[in-house]
Every structure is written in C-alpha cells, then in structure tokens.
C-alpha cells in the first residue's frame, strides 16, 4: 500500500487536550509519519497512516483510552 489511509476512531474516554496529545504522540510511535487529529470535544481520533486499523487502535488503547474504529 503506497498511499496513507484515513482512519477514524471513537474514543469515548478521551477527556481533554492532554489526553488527545498523549494519544497523538503514542500513535506516532508506531508510525512517525502519521498525521493524527485527536478531538476531545467530539471524542474522535482521525489518523492518516499506512499502519493497520488494529495497530492504531492498540496504540490508542495503550494510553488507557479504548478505541473503536468508525466504519
């Protein structure tokens, strides 16, 4: 896969800017080139990355914030 895919996740426990920043930083540890937009107001994380959905969800969950992929 040569193009990065846009992925969106619901993260109901994300509770503020610090949590959003932690999620973005953690996702970037698995793909440093990822573009991550974490929005605590809408409780969503949008990721542009070549990583698998599962890999990204695991990275988000590792921050203590379980994530569900939006289809």
Which members of the range 11-26 meet the condition of being surrounded by fewer than 18 Cβ atoms within 10 Å (Cβ to Cβ) and either in contact with a helix residue (DSSP H, G or I) (Cβ under 8 Å, 6 or more places away or on another chain) or farther than 14 Å from residue 59 by Cα (or both)? 12, 13, 15, 16, 17, 18
Answer from 63, 29 - the residue that is crowded, with 17+ Cβ neighbours inside 10 Å, out of contact with any strand residue (DSSP E or B) (no Cβ under 9 Å at 6 or more places or on another chain), without any contact (Cβ under 8 Å) to a residue 60 or more places away in the chain and not in a strand (DSSP E or B): 63
Residues of the range 6-26 that turn out to be in contact with a strand residue (DSSP E or B) (Cβ under 7 Å, 6 or more places away or on another chain) and in contact (Cβ under 8 Å) with a residue 40 or more places away in the chain, as a count: 8
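Using the structure shown, decide if residue 47 is at pLDDT 95 or above and over 10 Å from residue 8 (Cα atoms). First the steps, then the outcome.
On the way: at pLDDT 95 or above: yes; over 10 Å from residue 8 (Cα atoms): no.
Taking the combined requirement at face value, the residue does not satisfy it.
So which residues in the range 32-42 are in contact with a strand residue (DSSP E or B) (Cβ under 6 Å, 6 or more places away or on another chain) and crowded, with 16+ Cβ neighbours inside 10 Å? Spell out the reasoning first.
We begin by selecting, within the range 32-42, every residue in contact with a strand residue (DSSP E or B) (Cβ under 6 Å, 6 or more places away or on another chain); these are 34-38.
Of everything in the range 32-42, those that are in contact with a strand residue (DSSP E or B) (Cβ under 6 Å, 6 or more places away or on another chain) and crowded, with 16+ Cβ neighbours inside 10 Å turn out to be 34, 36, 38.
For the range 43-55, what are the residues that are in contact with a helix residue (DSSP H, G or I) (Cβ under 7 Å, 6 or more places away or on another chain) and either assigned to a helix (DSSP H, G or I) or surrounded by fewer than 14 Cβ atoms within 10 Å (Cβ to Cβ) (or both)? Give the steps one after another, and end with the answer.
First, pick out the residues of the range 43-55 that are in contact with a helix residue (DSSP H, G or I) (Cβ under 7 Å, 6 or more places away or on another chain): 45, 47, 49, 51, 55.
Answer for the range 43-55, where residues must be in contact with a helix residue (DSSP H, G or I) (Cβ under 7 Å, 6 or more places away or on another chain) and either assigned to a helix (DSSP H, G or I) or surrounded by fewer than 14 Cβ atoms within 10 Å (Cβ to Cβ) (or both): just 55.
The values are calculated or read from the model by the stated rules, or taken from the named source; none is laboratory data. Because the structure is predicted, anything quoted here is derived from the model rather than measured. In this analysis, Cβ positions are derived from the backbone assuming ideal geometry, glycine residues included, and neighbour counts consider all displayed protein chains.
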